[in-house]
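The values are calculated or read from the model by the stated rules, or taken from the named source; none is laboratory data. Predicted, not measured: the structure shown is a model, and the values here were computed from it. Cβ atoms come from the backbone with ideal geometry, glycine included; neighbour counts cover every protein chain shown.
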Ligand code: SF4
């Protein structure tokens, strides 16, 4: 009997690679090559829960596929629904790790916020995921699998937009994320337009350069959160390795539109001088500024800036000639900030370092 370990996971491959492998496989067992192409649509665009569920394929071919390949599922461990329609999913992976995915409906759009790592090594002081430490990088099948699982629900969720803003730093898992970007965008994958796919990073420079080299129009969001090195170092230890100046330079040389993410921390980064300094950085790279109200239940002892304070801060940025928006708070009744559901489940055990459970892989 073939073991799971010896069977290739088709969901870790790009659609083109999967098709090549499947066509070769079909021919190797005396089937028509087109059966391989027929199988690819069941990986992402019309996903099937199992090989046996691919009922347009002959039974013998389905059984042969089953003995040679896997299409692993993520187990849905919990789901929460907010009164505003936001849905949060906790998936359990084969090794017991759990990751979160948030679906945010807004009119005709559904934005899916996906995770790229189990935990995160970067320990931003305001972030629930940072509090739990790093466990491991996710595989392509576990990242794109979040989108796939929602398409397999009894009432499927089909996102129009994807943001890599869930747990983890996507550009520290570039090896997997680059495959996932292809799966998301490819017409034989999920066929989501590149302009509707945003990679959000704290500013991992090699990763930004790698993303910039991709020909597709993927969007880049930079988690700025402080307009000076001094303050940013306090909030985000990663600023020591990738200082703000260099991150802004990298954003300025990114040929496509960049967004700055800026979480509003009462009395910390929300003063008029911060607005002026942030505007100057945004002007340097033509960035759009997204102000994020602090979600209750995150990490640290921060207090949210008041709605009036956020409005004033936004006004100060707009007066500098920079485009700015305040992100709507969604799912506040269901712990929808990144990492919160998992953190609640783990009951706040001690943070771990990257070296305890594996290496963080930079682009
Ligand atoms: S804000 Fe993002 S990069 Fe920072 S600790 Fe949280 S998940 Fe990691």
*Does at least one position in segment 242-263 carry a residue that is more than 20 Å from the chain's Cα centre (by Cα) and in contact (Cβ under 8 Å) with a residue 60 or more places away in the chain?*
no
*With the condition kept exactly as written, say whether any residue in segment 201-208 is under 22 Å from residue 126 (Cα atoms), within 13 Å of the ligand (Cβ to nearest atom), touching a residue at least 40 places away in the same chain (Cβ under 8 Å) and not in a loop (DSSP other than H, G, I, E, B).*
no
*Considering each residue of segment 152-184, count those that are in contact with a helix residue (DSSP H, G or I) (Cβ under 9 Å, 6 or more places away or on another chain), within 14 Å of the ligand (Cβ to nearest atom) and not in a helix (DSSP H, G or I), and give that number.*
6
*Hey, among the residues in segment 91-109 that are within 15 Å of residue 149 (Cα to Cα) and out of contact with any helix residue (DSSP H, G or I) (no Cβ under 8 Å at 6 or more places or on another chain), which one's farthest from the ligand (Cβ to nearest atom)?*
94
*For residue 149, all conditions in the list (1) touching a residue at least 40 places away in the same chain (Cβ under 8 Å); (2) within 30 Å of residue 46 (Cβ to Cβ); (3) crowded, with 22+ Cβ neighbours inside 10 Å; (4) out of contact with any strand residue (DSSP E or B) (no Cβ under 6 Å at 6 or more places or on another chain) hold save one; what is the number of the exception?*
(3)
*Pick from segment 115-131 the residues that are at pLDDT below 90 and crowded, with 24+ Cβ neighbours inside 10 Å: which of them is farthest from residue 171 (Cα to Cα)?*
128
*So residue 93 clears everything in (1) within 17 Å of residue 15 (Cα to Cα); (2) crowded, with 17+ Cβ neighbours inside 10 Å except one condition, right? Which one?*
(1)
*Can you find even one residue in segment 285-297 that is in a loop (DSSP other than H, G, I, E, B), within 15 Å of the ligand (Cβ to nearest atom) and more than 24 Å from the chain's Cα centre (by Cα)?*
no
*Positions within segment 115-129 being within 7 Å of the ligand (Cβ to nearest atom) and more than 22 Å from residue 303 (Cβ to Cβ), in sequence order*: 120, 122
